[in-house]
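Peer 1: Got a structure for you, questions after.
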Amino acid sequence: MRKLIEQPTFDATPQGAAGKSHKHESAERQVSGQARYIDDMPEAANIHHVAVGVSSVTTGTITSIDLSLVKASEGVIDVITVDDIPGHKDIGPVFPGDPLLAGTEILYHSQPIFAVLATSVNLARRASLKANIVISPTEACLTVNQAKQRENFVRPPHFMRRGDFQTSYAQSPIRIEGEMIIGGQEHMYLEGQVSMAIPEEEDRMLVYSSSQHPSEVQKLIAEVLDIKLHKVVVDMRRMGGGFGGKETQAAQWACLAAVFANRNKVAVKLRLPRMLDMMATGKRHPFENKFKVATDNKGLIQATHIEINGNCGHSPDLSDAIVDRAMFHADNGYFLADCYVEGHRCRTNQVSHTAYRGFGGPQGMIVAEAMMDAIARKLGKDPLDIRKLNLYGKDTRNTTQYGMQVEHNLLADLIDKLEASCDYQLRRKQITEFNKDSPIIKKGLALTPVKFGISFTAKHLNQAGALLHIYTDGSMQINHGGTEMGQGLHTKIGQIVANEFGVPLSHVEITSTRTDKVPNTSPTAASSGTDLNGKAAQNACLIIKQRLAKFYAEQVKGNPEQVIFCEQSVVLNEHTIAFTELIQQAYIGRVSLSASGFYKTPKLEYDRSTGNGRPFFYFAYGASCSEVSIDTLTGEYKVDRVDILHDVGKSLNPAIDIGQIEGGFIQGMGWLTTEELLWDTSGKLISNNPATYKIPAIGDTPEIFNVDLYPRANDEDSIYHSKAVGEPPFMLANSVWCALKDAISSITNYQTDPVLHPPATPEKVYNAVEQAQAWLEKQI
Amino acid sequence: MISFLLNNDIANIDQARADLTLLEYLREQKNLTGTKEGCASGDCGACTVVLAEVIGHDGTTRNNLEYRAINSCVTFLSALHGKQLITVEHLPDGKNLHPVQQSMVEYHGSQCGFCTPGFIMSMFALYQQAQQPDREAVIQALSGNLCRCTGYRPIIDATLSVCQNKQADKFKQIETQTVGRLNAINKQLISTDNLLVPTSRQELAAAKAKYPDANVFAGSTDLALQVTQQLKTFDKLIALCAMPDLNILVEQEEGLLIGAALPFGKIESSLLKYFPQLSELLWRFAATPIRNQASLGGNVANGSPIGDMPPALLALNAVIHVDNGTHKRKIAASEFFLDYRKTALETSDWIEAIFIPFTHHRSLVRAYKVSKRYEDDISAVCAVFNLQVIDGKIHSIYSGFGGVAAIPATVIELNTQLEGKTWSSNKTFEIGKEILKQAFTPLDDVRASKTYRVSMLTNLWKRFWLETNQSTQKIATRVVHVSSSNEASRDA
């Protein structure tokens, strides 16, 4: 039946709305201040506000809590501690370990201990500072090394093996070891964590939460309130940025708001102030990784051992999958030959580090790039040659360290095209010449690839639902499980639906993500938003199209399989009817104009016990070339030019895809350059506000920034053969880090591979420059 | 009473908390939620709004509007008096988006959209300026707005494009009326119980004597942080906006006299006219919306060890004019900063003005700042040098440093030990390097380590030496574009 009216999609230019650079569905409302975020919503007259009281020490045992001054503070309505939570006290998303409010043990600095409800935001926040809590401090575990020594892990390790690493390593002529200390990253979504809970009849609850995962927020609220899930509705219209930071860690604030709303039967809002948001929520995991790599005399890899150590913070959160993804990407696009990849999930007394665009992938992939640079310097070759040499092959050397065959590999061709279009070889010569005559300013150049696996590695999450309503004027509402955080998901879904029915985009309204419309949804994460929800939405369209086709075919006595929807008409052979007309007739003819769609990603199978299988539906590819100038006196630098060629399959919306690529690149560049998380020796975050934590500003955008889409449809049957685009471009920024190292390496005439742990702040670049200069002096 | 135009409506506020921020007022009292709170510390720009103020071209008639973007989160309500406050909701003309909004849509410059209203307002302020901005000017204007989604490229393109085809928007069309409405507002901001607005030195002295605990403020960009970040409340504040002597800018025979309460936005062009070498420092000093509010006097008075301008004031031998209502005195910048956050100001004192003497036409001035990020970051190290060479010999060398000690500091030994030495000599360079290596014992902190700071002192000295010697001048020493500075500070 499905074949009935499905239109050819592969290689056919999608008609109507799909494939075009439509503006973001909210663009006009965003530029005029009309787009509503949760804190902008109309408030109930008696709404109250929550502030949380947090620990001022990193680890310890609470010996006494005196909240009398908090309770007596102006405007205070209610105060709760862990004892006031009616149901579950742990809101760990996958594994337990995340107390909603601290019990007796303090596990990290700024851990919430109590919460206070007051008549205004300021009164609540001021009251929250008046607690008298005595904590007997205990020793904290603050580094990956300490955690490893104490065998302090949040989850068991995981291994991937192929061949006999030890023998191959020992037999290879070139052997290199390296270590990388990789910084984490603050999400710095411009809209901080926020939620608003509105009590409804009896114990029912409506909650607005700035969350990438409304279904999980719904479940956790139900558990915390000790009610069934069907009593809770979570609504999410749009986030002011998420980037992974609102995948699991929006739940705590929604749960606290719900507890107060339930207890006091008033509307309640909880919005974290920026500094607390930065101190009390998890970040991109810092990693400390090691590698051993052996090659033949030409630099072709023979053996690899990679040890991945994620700093997970105090609880598992999503760290199991995050460290897995680092392991899945430690090869990037290169064949690791005989290899052994081990991944450890280290427990430290920091906030529980969490999802962040790339989800561990960047911290694994950068090891691969570090290895390429190290091999090239050792052999005196251009790192690009070593990269190309080690790419996965077409027929041989084409299996990953986890046993997945790399099919449809377009990386070699993509790199060749970029190398030509950005004049890599000519600029390489020019830069080498420039550096010879420039004692202070040095230039660097690097071209690095990206291969990123698309799918949730937890198989069950690769499913989605959608709900489509067509109204009697022919306009429609589509609702789906994905959340809009700026990435243009709703725009793309609207395009897909409009395309299916051959109607203008203005006929399709995308409504807020709600747990009562599409249930049991997956988080909008893993770049999968459009892949999953787009297919589910298309499925809902097909169901209604089948009904309409059958209805129309009966009327004109034709074959329903030949019905076509295009240009606001429905056509069957010589018969044509306006789409709206058919909808009205169908309504009169008692045809259901509402349908739910469903999708699950095919082909996935991964066995964690053997470290083998196919965790990804397909790979997205890209490459970037960055040119930088560094000031060897200060370590300051400038990214002068960036060229990117990226694979989004058949683009659903080139403008939105390019926006994801550029934005991802700059965010990745921030992670690798100026964004430095710093904790003091007691475990308190000191880069805890935007004055001390520096994300890229507008002047950091390279003046020459060429971005192109690689013109090839996805070989797998994804939605209109497009490819996911949220995370892969983040890692294109690896070329900035490699270019900085290239510039430093020029000081030693490219004979050394500088140690430059990311983020490469000016100070770290300067230290690497000094080391290079010291090396040079030793040679003379 | 604070009177102003809120978009198109006259607003009169009889009593308000003196520490009420503009952002709170807009979002919580006026339900104008287009203006967003991103950080409440003036670091992200999500709360940017525009103030239009009547100015006179020739000093006599007041008939033009000047538009400046500011951060509403660190601005107290009193700053609005006599001005038009424009928020993002007011930009469209009926159903038509303003050209800057339309351009942002067409260039796909919004993704999550949370930073967008702030960007729109900075773009709007730039759009209203007479000149046609180039890429650098666009970056300057938007340097206080952070975007985490787009990577900025489409925003830069949207701004360049719309500013190249400016049309008379609705604001220009009714400018005369707006000027008339603003001129009809009583110029004088009247004191209330919690906001004192002295208009003379006697009144200010009396206010300070009566309320010794009350803070004085000009731009409020620093003081407001105590409200938004530390949750402090100020029952009484003293505004300096109506103090005549604190709001003047005079180009005197011997130098520039800058009223302490003037925002940087209003003194920048004069400063750059006479001290073009400060351009990088000024460009890297906070971001445009902060500079449009923050005052030079506030920057000096708060005695920050980093301070941005104080190192330049030290190197340029500036003089701080201090008043207490009965007695005026002048304090050399080098004697003003005493200890961490402690200055030569007595409780009853205030800074009236800062005098910066013109440099000799042979003076070689350079101002350097090192920080993690170029725009809107606080210095790890700041170094300013002011050298006069006569016949190849050092006549004088004044200096100022920030970020390396408890106070902004000078290194007198550079002057005393290098005087008379040949500037181009390598030996001179080495002596200076040794002096600077020993001069300070900086600290490790979130911005930089102690060792890096010490290295920067000597390396910025090296950069200065390389840039000011003929034989080494051709060596490239900068990765960022720095406006070609005119060595002569004044035609004289």
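The values are calculated or read from the model by the stated rules, or taken from the named source; none is laboratory data. If you're wondering where the values come from, they're calculated on a predicted model, not measured in any experiment. With ideal geometry, Cβ positions are generated from the backbone for all residues, glycine too; neighbour counts draw on all protein chains shown.
Peer 1: Suppose we filter region B:365-415 for residues that are within 12 Å of chain A (Cβ to nearest Cβ) and free of Cβ contacts under 8 Å to residues at least 24 places away in the same chain; how many remain?
Peer 2: 1
Peer 1: Another question, if that's okay. Before we move on, is B:K450 modelled with pLDDT under 95, within 14 Å of chain A (Cβ to nearest Cβ) and surrounded by fewer than 15 Cβ atoms within 10 Å (Cβ to Cβ)?
Peer 2: Spelling it out, it is not the case that B:K450 is modelled with pLDDT under 95, within 14 Å of chain A (Cβ to nearest Cβ) and surrounded by fewer than 15 Cβ atoms within 10 Å (Cβ to Cβ).
Peer 1: In region A:282-295, which residues are out of contact with any helix residue (DSSP H, G or I) (no Cβ under 8 Å at 6 or more places or on another chain) and within 19 Å of A:T248 (Cβ to Cβ)? First the steps, then the outcome.
Peer 2: Here is the first cut: in region A:282-295, the ones out of contact with any helix residue (DSSP H, G or I) (no Cβ under 8 Å at 6 or more places or on another chain) are A:282-283, A:290.
Correct list: A:G282, A:K283.
Peer 1: Are there any pairs with C-beta distances below 7 angstrom linking a residue in region B:293-313 that is over 10 Å from B:R341 (Cα atoms) to a residue that is acidic (D, E) and assigned to a loop (DSSP other than H, G, I, E, B), with the two at least 6 apart or on different chains, and if so which?
Peer 2: What qualifies is B:G298/B:D222; B:N299/B:D308.
Peer 1: Within region A:728-758, track down each residue that is free of Cβ contacts under 8 Å to residues at least 40 places away in the same chain and either among the aromatic types (F, W, Y) or not in a helix (DSSP H, G or I) (or both). I'd like the intermediate steps shown before the answer.
Peer 2: Initial filter on region A:728-758 (free of Cβ contacts under 8 Å to residues at least 40 places away in the same chain): A:748-749, A:754-756.
A:N749, A:P754, A:V755, A:L756 - these are the residues of region A:728-758 that are free of Cβ contacts under 8 Å to residues at least 40 places away in the same chain and either among the aromatic types (F, W, Y) or not in a helix (DSSP H, G or I) (or both).
Peer 1: Also, I was wondering about something else. When the residues of region A:18-51 are filtered to those that are of a type in the set (K, R) and part of a loop (DSSP other than H, G, I, E, B), which remaining residue is nearest to the other protein chains (Cβ to nearest Cβ)?
Peer 2: Within region A:18-51, the first condition is being of a type in the set (K, R), and the residues that meet it are A:20, A:23, A:29, A:36.
Going one step further and asking which of them are part of a loop (DSSP other than H, G, I, E, B), we end up with A:20, A:23, A:36.
On the way: A:K20: 12, A:K23: 6, A:R36: 7 Å.
Out of the qualifying residues, it is A:K23.
Peer 1: When both residues are 6+ apart or on different chains and their Cβ atoms are under 8 Å apart, which pairs have a first residue that lies in region A:169-189 and is at negative phi and surrounded by fewer than 16 Cβ atoms within 10 Å (Cβ to Cβ), and a second that is in a loop (DSSP other than H, G, I, E, B) and among the charged types (D, E, K, R)?
Peer 2: From region A:169-189, the pairs are A:P173/A:D296.
Peer 1: Here's another thing I want to ask about it. Name the residues in region B:180-192 that are within 26 Å of the chain's Cα centre (by Cα) and surrounded by fewer than 21 Cβ atoms within 10 Å (Cβ to Cβ), would you? I'd like the intermediate steps shown before the answer.
Peer 2: So the first thing to find is which residues in region B:180-192 are within 26 Å of the chain's Cα centre (by Cα), and the list is B:182, B:187-189.
If the condition is that a residue be within 26 Å of the chain's Cα centre (by Cα) and surrounded by fewer than 21 Cβ atoms within 10 Å (Cβ to Cβ), then B:K187, B:Q188 are the ones that fit.
Peer 1: Of the residues A:Y720, A:Y750, A:Y710, which single one is aromatic (F, W, Y), under 30 Å from A:A498 (Cα atoms) and surrounded by fewer than 24 Cβ atoms within 10 Å (Cβ to Cβ)?
Peer 2: Details: A:Y720 fails: surrounded by fewer than 24 Cβ atoms within 10 Å (Cβ to Cβ); A:Y750 fails: under 30 Å from A:A498 (Cα atoms).
Sole residue among the options that is aromatic (F, W, Y), under 30 Å from A:A498 (Cα atoms) and surrounded by fewer than 24 Cβ atoms within 10 Å (Cβ to Cβ): A:Y710.
Peer 1: Is it fair to say B:L249 is assigned by TED's automatic domain parsing to the domain that holds B:I320 and surrounded by fewer than 17 Cβ atoms within 10 Å (Cβ to Cβ)? Spell out how you get there, then give the answer.
Peer 2: Numbers: assigned by TED's automatic domain parsing to the domain that holds B:I320: yes; surrounded by fewer than 17 Cβ atoms within 10 Å (Cβ to Cβ): yes.
When the stated conditions are applied, B:L249 passes them.
Peer 1: Only one of A:N533, A:N573 is under 40 Å from the mean Cα position of the chain (by Cα), touching a residue at least 12 places away in the same chain (Cβ under 8 Å) and in the same structural domain as A:E484 (by TED's automatic domain parsing). Can you tell me which? Outline the logic, then answer.
Peer 2: Values: A:N573 fails: under 40 Å from the mean Cα position of the chain (by Cα).
The unique qualifying residue is A:N533.
Peer 1: For region B:139-167: of the residues being buried (at least 22 other Cβ atoms within 10 Å of the Cβ) and more than 8 Å from chain A (Cβ to nearest Cβ), which is farthest from A:F730 (Cα to Cα)?
Peer 2: Applying the filter and picking the extreme gives B:C163.
Peer 1: Also, I was wondering about something else. Out of everything in region B:437-447 that is surrounded by 15 or more Cβ atoms within 10 Å (Cβ to Cβ) and more than 13 Å from chain A (Cβ to nearest Cβ), what residue ends up being farthest from the chain's Cα centre (by Cα)?
Peer 2: It comes out as B:A439.
Peer 1: Quick one: in region B:375-409, which of the residues that are buried (at least 24 other Cβ atoms within 10 Å of the Cβ) and of a type in the set (S, T, Y) is nearest to B:E430 (Cα to Cα)?
Peer 2: Top of the filtered list is B:S399.
Peer 1: Looking at region A:505-532, which of its residues are of a type in the set (G, A, S) and either assigned to a loop (DSSP other than H, G, I, E, B) or touching a strand residue (DSSP E or B) at 6+ places or on another chain (Cβ under 6 Å) (or both)? Before you say what the answer is, go through the steps one by one.
Peer 2: Just the residues of region A:505-532 that are of a type in the set (G, A, S), to begin with: A:506, A:512, A:522, A:525-529.
Across region A:505-532, the qualifying residues are A:S512, A:S522, A:A525, A:A526, A:S527, A:S528.
Peer 1: Here's a follow-up. Please work out if B:I13 is crowded, with 20+ Cβ neighbours inside 10 Å, β-branched (V, I, T), more than 20 Å from the chain's Cα centre (by Cα) and closer than 23 Å to B:V197 by Cβ. Reasoning before the result, please.
Peer 2: Details: crowded, with 20+ Cβ neighbours inside 10 Å: no; β-branched (V, I, T): yes; more than 20 Å from the chain's Cα centre (by Cα): yes; closer than 23 Å to B:V197 by Cβ: yes.
No; evaluated as a whole, the condition is false for this residue.
Peer 1: Now a separate question. Would you call A:V116 within 14 Å of chain B (Cβ to nearest Cβ) and among the β-branched types (V, I, T)?
Peer 2: On the way: within 14 Å of chain B (Cβ to nearest Cβ): yes; among the β-branched types (V, I, T): yes.
Yes: the conditions hold for A:V116.
Peer 1: Between A:S215, A:S195, A:S209, which is at pLDDT 95 or above and touching a Pro at 6+ places or on another chain (Cβ under 8 Å)?
Peer 2: Values: A:S195 fails: touching a Pro at 6+ places or on another chain (Cβ under 8 Å); A:S209 fails: touching a Pro at 6+ places or on another chain (Cβ under 8 Å).
That would be A:S215, the only listed residue that is at pLDDT 95 or above and touching a Pro at 6+ places or on another chain (Cβ under 8 Å).
Peer 1: Let me ask something else. Tell me, which residue of region B:173-198 that is in a helix (DSSP H, G or I) and among the charged types (D, E, K, R) is nearest to B:F217 (Cα to Cα)?
Peer 2: For region B:173-198, the residue satisfying everything is B:R181.
Peer 1: What are the residues in region A:652-704 that are within 9 Å of chain B (Cβ to nearest Cβ), small (G, A, S) and not in a helix (DSSP H, G or I), if any?
Peer 2: A:S687, A:A691, A:A697
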